[in-house]
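A short reminder: the numbers here are calculations on the coordinates, not readings from a lab. Owing to the predicted nature of the structure, the values given are computational and were not obtained by experimental measurement. Backbone-built Cβ (ideal geometry, glycine too); neighbour counts: all protein chains shown.
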Amino acid sequence: MRLIHIVFFFLFSIGLTAQSDKLLSIKQMKKDMAEMLAVVEAHPDPFTHIPEQEFMDAYNSEVASITQEVNTLDYYKKVARIVALIRDGHSSVRMPAGWIAKKRRQHGVFPLSFYLSTEDELFVLKNYGDVDIPLGAKITKINDLPVLDFLAAIDPYISYEKKSLRNTLIDDDIEFYFYLVFGHSNDIKLQYNFGTEKEITVSNISLSQWGSNYKDTREESDAAIVKGEPYSYENLGHGTGILKIYSFFARDLDNYDRFLRNTFKSIQEDSIHSLILDVRGNYGGWPQISSKLFHYLTEYPFKTFAQNTLKVSKAYREYFYELYPDLRHENYVFPGHLHSIDLDAIMRDKIGSFKTRDFIYNELPKTRKYEFDGDLYLLTNRDSYSAASSFAATFQCYQMGTIIGVETGGTKIFRANAMHKKLSRSAINVNMSTSKVLCACYNEEFEGVTPTIAYSPSINELVSDMDTHLLYTQRIIKMVQKKKEEEMDN
């Protein structure tokens, strides 16, 4: 029965979206498919989770299915379905730039946001309009399609390693997935349970109304990232401070160095004995950023990565030629490593070869004026990904402190340093990893960083606008400090 639902809604969406979008010709789509396949060459090990022949059979089947003109959204499904087979969150497909913004200008914005639990239960999280539906309500059907069937319908198009990360990607972009399945995001019929089973049809709101309401409720992390300073420190009182790292990316490394120096000076002046590091919702960035922070946290050697293996490919080389035409000059002097990218190897080593580096990630102790020597606590959730999960892996490997939360969405073995390719005819964007990364104390594929103390907020806690995860951590710190005081008294 589930398969019938899925087939029906996909057939319906093809007819609906094709009425308003520009159609791509058969020739255009086949040329873009060839471009996409060429980009796969850049991946260090694309056939780890699927045999190469099976991958190519799927690719050839998609190409053979191109027998008529379709719109960009329906063509996206063909491209995304192939790339998702690689099982790599950094290797993914996106619609053309501005696609969703144009839809929102034309048809409005879906006014609700959701939380999709790891158990695949969908809950209303925020309301940016005046929809008569309670926060925390559990959605059971969407346009008469059971939630599990909806998830089964979109799963083949999502690139991910762990299902927990997949569910984050879905609830972060639910409006797009409505377009993917139903061809629209307006007048979505929701069946929900909040004590009793009810039904409501949710209409879109204007882009300006959504923008105003979203700005009013925008999280601190969004504002910091937009500002270009994705980090903050706060003294929580009673000897506890929190350092939030929303992204391991900094536009200006000098500013970041100043932030660290000033922050740890404040931490010392505030007499902080327990420092909370928060990488919840952090999707990654540069290992160099995490290493700079670690030097304030430990007096011992550590590794940001255990190993990084880069694949030298024609696709990756051409990518840099387009970005920096001067690289074509034979006498060009290559700069040092761009974080974890070895430009010299990419541009000069043999195509198809691999460049493995490990010793460069060995960090010897560096003396910092305001080094922290108290207790460390790290907050993680399923949104801790890429450089954030590798940060957690190093933190755990070298036993720097206590991790509180849930297993990271990022894994200890992952592919990264994605190159980007805009397909020439459809303008669909393909991201493709170019390196394989092994984190400190890595073990096996799809293994995230598990917490020392598990904590997962309930849906009621998530909609409460209270950071119960942080409050829980503060209670633990009080217990630890009380125990220390009792031991000193004895």
In the chain, what cysteines have no partner Cβ closer than 4.7 Å? C439
Over segment 80-158, what is the relative contact order in whole percent, taking alpha-carbon pairs under 8 Å and six or more residues apart? 28 percent
Report, in whole Å, the centroid distance computed from the Cα atoms of segment 399-439 and segment 225-299. 22 Å
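Between L37 and E487, what is 0.36 nm times their sequence separation minus the Cα-Cα distance? Round to one decimal in nm. Don't skip to the end; give the middle numbers.
Working: separation 450, 0.36 × 450 = 162.00 nm, distance 6.34 nm.
Between L37 and E487, full extension yields 155.7 nm more.
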Assertion target for M419, M466, ordered by fewest C-beta neighbours within 10 angstrom first, is M466, M419
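For the residues D149, D489, what sequence is obtained by ranking on other C-beta atoms within 10 Å, fewest first? Please report the intermediate quantities before stating the final value.
Values: D149 19, D489 6.
Sorted ascending by nearby Cβ count, the order is D489, D149.
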Per 0.36 nm of contour for each residue apart, how much would the distance between K30 and V480 grow if the chain were fully extended, relative to their Cα-Cα spacing? 155.8 nm
In nm, to one decimal, how far is the R425 label point from the F446 one, both placed 7 Å along Cα→Cβ? 3.6 nm
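So if we plug the beta-carbon distance of N60 and E119 into 1/(1 + (r/R0)^6) with R0 = 51 Å, what FRET efficiency do we get, rounded to 0.05? List each step's numbers first, then the result.
Working: r = 37 Å, r/R0 = 0.72.
E(calc), rounded to 0.05, equals 0.90.
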Under 8 Å for C-alpha pairs, at least 6 residues apart: give me the relative contact order for the chain, rounded to a whole percent. 17 percent
From the cross-link list K103/K412; K227/K369; K244/K366; K31/K77; K27/K189, the entries with a Cα-Cα span beyond 26 Å are K103/K412; K227/K369; K27/K189
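What shape does the chain have by the C-alpha gyration tensor, where a ≥ b ≥ c are the square roots of the eigenvalues, rounded means a/c under 1.5, and otherwise prolate means a/b greater than b/c and oblate the rest? Before the final figure, lay out each step's value.
Details: a/c = 2.01, a/b = 1.20, b/c = 1.67.
Verdict is oblate for the chain.
Which value at 222 nm does the chain reach when only helices count, each DSSP H run of 4 or more adding -39,500 (n - 2.57), with the total divided by all residues and rounded to the nearest 500 deg cm²/dmol? Could the numbers behind the result be given before it?
Details: 17 runs with 189 residues, N = 490.
Computed ellipticity for the chain at 222 nm equals -11500 deg cm²/dmol.
Between the DSSP loop rule and a limit of at most 16 other Cβ atoms within 10 Å, which trypsin sites (Lys or Arg not before Pro) in segment 202-288 are left?
Answer in residue order: R218, R251.
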